[in-house]
Each structure stands twice: as structure tokens, then as C-alpha cells.
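The values are calculated or read from the model by the stated rules, or taken from the named source; none is laboratory data. Quick caveat: nothing in here was measured; it's all calculated off a predicted structure. No Cβ is skipped: glycine too gets one built from the backbone with ideal geometry, and neighbour counts run over all protein chains shown. Accessible surface areas use protein heavy atoms only, side chains included; no ligands, DNA or RNA. Shrake-Rupley method; radii C 1.70, N 1.55, O 1.52, S 1.80 Å.
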Amino acid sequence: MYEDIKKGFSVKENPTILAIESSCDETAAAVITGRREILSNEIMSSATEHIKFGGVVPEIASRAHTAAISLVVEKAVKNANISLSDIDAVCVTYGAGLLGALLVGVSYAKSLAYSLGVPLVPVSHIRGHLSAAYLVDKDLKPPFISLLASGGHTAVIVVKDPLNYKILGQTLDDAVGEAFDKVARVLGLPYPGGPNIEKLALSGKDTVPLPKMLKGGGGYDFSYSGLKTAVINYVHTKEQRGENVDKADVANSFQRAALDVLIEKSVRACKEYGLDTLTVGGGVAANGYLREELSKICAYKSIKLVLPPKNLCTDNAAMIASEGLIQYRNGNFASLNLNAQARVELG
């Protein structure tokens, strides 16, 4: 029955979009309009449950999503000052992420879309990060350069139009956020690694010699494995010699080595492709050093920087709604056979 209805769905000019995000340890729901106005953006995190394990435990995350998803959706609808009957489409993250966690969101979204008789819109979590920029600058239009910097992905991208991306370069091994987490463990910092390294780096100096990965070569590709190994070797060598390890200096030096190359290559891409707009997305885009340095150099180079606020850089459902709106307007509706995928391609 839903399949027959799906074929007849019409696309409204100014729809009310509900989005659900459950790819990792945040259960999130948001409501936006077709004008990209955020009516609500709610998050219930299970991060505190994972700290004792030093990282996200998939089974704990899945159970947390199951307990929270109805509550967070109800809260999003209530705070948007709408009713369920006002929703014109249900968008949901189907990948990439933890499979069990994704399945909770996908199953709930399918049931809700079916019961409301509205389109079910599949959204890539990766594309969601990139589309957060449209919520900040409602007049933003491609082409532009986008830097994706998250726990799972690192890439410099040319956005040709809302549906078509060209990857100029990406990480050859660890993503930048993954490297932050691994270095944090070496320094004995708690999960999540990124914010804790950033905090520690504030009291440190850039005194530890570390490799500047592929800074002068490799095109637009990145490599974080060597940088991570260099930090591990430095710390272990110091410890074996009985020498003091200034963790703040290590954090500061690592942060600069990891992020300066992102800044350099993103700005270079703008110049090479003759584009004067740079957008940034992903959890690492919440890093204060990255935000400050990007703002400085883009102002100096006369590049328009579209940098979402920190709450739209980390996992949230508003970014999923923003990408969902693009897919909705292009009639990309899913059937009730939609399944979760641990991995999805960007393109």
C-alpha cells in the first residue's frame, strides 16, 4: 500500500521536514521548513555511558537509542510548535554509522512515515555534515569548496550542485577525528578525544617535532597514520627514558600538525578552482583552533567562509533535515525496504 502511495507523493514548495539521526551515540530529531528555518533541534546523548569504556560501545548505543527515540521525536515536534499531522516528510540517516544504532532510527522513521502517509527520505550522514552550511547561509549556492572533517571522514570537495560532488582528495588512512581519539588515548585523556585534546592544547606550546603529513605533496589527499605513530613513539620514548612528557605541548603540537594541513589544502583548492566560498562540516569543525585559523586566513584571502555553529558541526538532526530537503525536492523517496548501511559513499 505504501509503495502505491509513494508513487503519488507530491513535492511541496515549503514543506515541514522532520529528521531523525541515530548513527552513533546521539539520538536526535529536528524540524525545519522548506526555507531552512530550524524550528527545533533536539539531542539526547549516551556519551556519558561510553566514557568508562574509552569509546562508543555499539550495543550500549543501540539500547540507548531504543529508549530515547520516541522521547526525542516527541520533544522535537512539541518544541517546533507543530503536530505530527503538519509533517510533510520524514528524513532519516540510513548510513554511515553503527549498524545497530542506525537500524533503530531507520525502523522508527519507516513506521512514522507509513503511519502519516508521507514520503520517507533516506539521508547520508556524510552529506548531512556538508549540508549543515545551508542552514547557516540560506542564500548559499554551488559551486563552492567544502572541507569535511569528522571522526570517520576527511576530504576536500568541490560541490558542483546540491546533488553532485567531486572529491579532490581524502584521507588515505585514519580520518582526522579518529586520529584525535587515538592520540587522546595515548595521552591518557578520556573519551571523547577531540574536545579533551583541544582543551589541553590551550596550556601547551608547539614544541614537539611532528611530521606535517603530505603538506607539500599528495595533491589534496591526507594521511594521519604517520602523525599518530609519531606521537606514540615520542611519548613512549620519553617514558622509557624516564623523562617527563609535557602532555599539553604534545596536544598543542599534534593539533597544529593535524589541522594546519586541512586549512592549507582547503584554501589552496579555492584558489586553484577559482571559487571564493569555502564551507566546513563535521565534528572536527567544532575545534576552536581550526575555526580561528580558518577565519583569519579566509578573511586575508577574501574567501567567504561558511562555518556552522558548533552544535551544527557535531552530530545533529538539523543537518540531516537540511540534506533531506535537497533529496525531498528531487523526489528521492525510499520504500519501506530501506535498510541501514554501516558504510556509504560520499558521491
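What is the residue count in the stretch 317-345 for residues that are under 16 Å from the mean Cα position of the chain (by Cα) and touching a residue at least 60 places away in the same chain (Cβ under 8 Å)?
Residues of the stretch 317-345 that are under 16 Å from the mean Cα position of the chain (by Cα), as a first pass: 317-324, 342-345.
With the extra rule that they be touching a residue at least 60 places away in the same chain (Cβ under 8 Å), the set shrinks to 317-324, 342-344.
Summing the residues that are under 16 Å from the mean Cα position of the chain (by Cα) and touching a residue at least 60 places away in the same chain (Cβ under 8 Å) in the stretch 317-345 gives 11.
Of A286, A340, which residue is in contact with a Ser or Thr (Cβ under 7 Å, 6 or more places away or on another chain), under 20 Å from S150 (Cβ atoms) and either of a type in the set (A, V, I, L, M, F, W, C) or modelled with pLDDT under 95 (or both)? Explain how you work it out, then say what you get.
Values: A340 fails: in contact with a Ser or Thr (Cβ under 7 Å, 6 or more places away or on another chain).
Every option except A286 fails the conditions.
Restricting attention to the stretch 197-217, which residues are at pLDDT below 90 and open to solvent by less than 40 Å² (accessible area, probe 1.4 Å)?
M213, G217 - these are the residues of the stretch 197-217 that are at pLDDT below 90 and open to solvent by less than 40 Å² (accessible area, probe 1.4 Å).
Is there a residue in the stretch 148-161 that is over 23 Å from H129 (Cβ atoms), without any contact (Cβ under 8 Å) to a residue 24 or more places away in the chain and open to solvent by 50 Å² or more (accessible area, probe 1.4 Å)?
So far as the stretch 148-161 goes, no, none of its residues is over 23 Å from H129 (Cβ atoms), without any contact (Cβ under 8 Å) to a residue 24 or more places away in the chain and open to solvent by 50 Å² or more (accessible area, probe 1.4 Å).
Could we say that Y220 is among the hydroxyl-bearing types (S, T, Y), assigned to a loop (DSSP other than H, G, I, E, B) and either within 27 Å of L172 (Cβ to Cβ) or open to solvent by 40 Å² or more (accessible area, probe 1.4 Å) (or both) here?
yes
Consider only pairs whose beta carbons are under 6 Å apart and that are at least six residues apart or on different chains; among these, list those whose first residue lies in the stretch 100-117 and is without any contact (Cβ under 8 Å) to a residue 60 or more places away in the chain and surrounded by 23 or more Cβ atoms within 10 Å (Cβ to Cβ) and whose second residue is assigned to a helix (DSSP H, G or I) and among the aromatic types (F, W, Y).
From residues that are without any contact (Cβ under 8 Å) to a residue 60 or more places away in the chain and surrounded by 23 or more Cβ atoms within 10 Å (Cβ to Cβ), there are no pairs.
Just give me the residues in the stretch 258-301 being surrounded by fewer than 18 Cβ atoms within 10 Å (Cβ to Cβ) and of a type in the set (S, T, N, Q), in sequence order.
S295 - this is the single residue of the stretch 258-301 that is surrounded by fewer than 18 Cβ atoms within 10 Å (Cβ to Cβ) and of a type in the set (S, T, N, Q).
Looking at this structure, is K304 among the basic types (K, R), open to solvent by 10 Å² or more (accessible area, probe 1.4 Å) and within 13 Å of the chain's Cα centre (by Cα)? Break it down into steps so the answer makes sense when it comes.
Values: among the basic types (K, R): yes; open to solvent by 10 Å² or more (accessible area, probe 1.4 Å): yes; within 13 Å of the chain's Cα centre (by Cα): no.
Taking the combined requirement at face value, the residue does not satisfy it.
One line per residue, one yes/no per condition, for (1) among the hydroxyl-bearing types (S, T, Y); (2) modelled with pLDDT of 90 or more:
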| position | (1), (2) |
| --- | --- |
| G8 | no, no |
| E13 | no, yes |
| S23 | yes, yes |
| M44 | no, yes |
| I51 | no, no |
| E59 | no, no |
| H65 | no, no |
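Where in the stretch 240-325 are there helices (runs of 4 or more DSSP H), lying fully within it, with 3 or more residues that are of a type in the set (G, A, S)?
Working: elements: 247-272, 288-300, 310-313.
Where helices (runs of 4 or more DSSP H) fall fully within the stretch 240-325 and carry at least 3 residues being of a type in the set (G, A, S), they are 247-272, 288-300.
Select from the stretch 82-95 the residues that are touching a Gly at 6+ places or on another chain (Cβ under 9 Å) and either open to solvent by 30 Å² or more (accessible area, probe 1.4 Å) or within 15 Å of A61 (Cα to Cα) (or both) and list them in ascending order. If you could, list the steps in order and put the result at the bottom.
Keep residues of the stretch 82-95 that are touching a Gly at 6+ places or on another chain (Cβ under 9 Å), which gives 88-94.
Selection gives Y94 alone.
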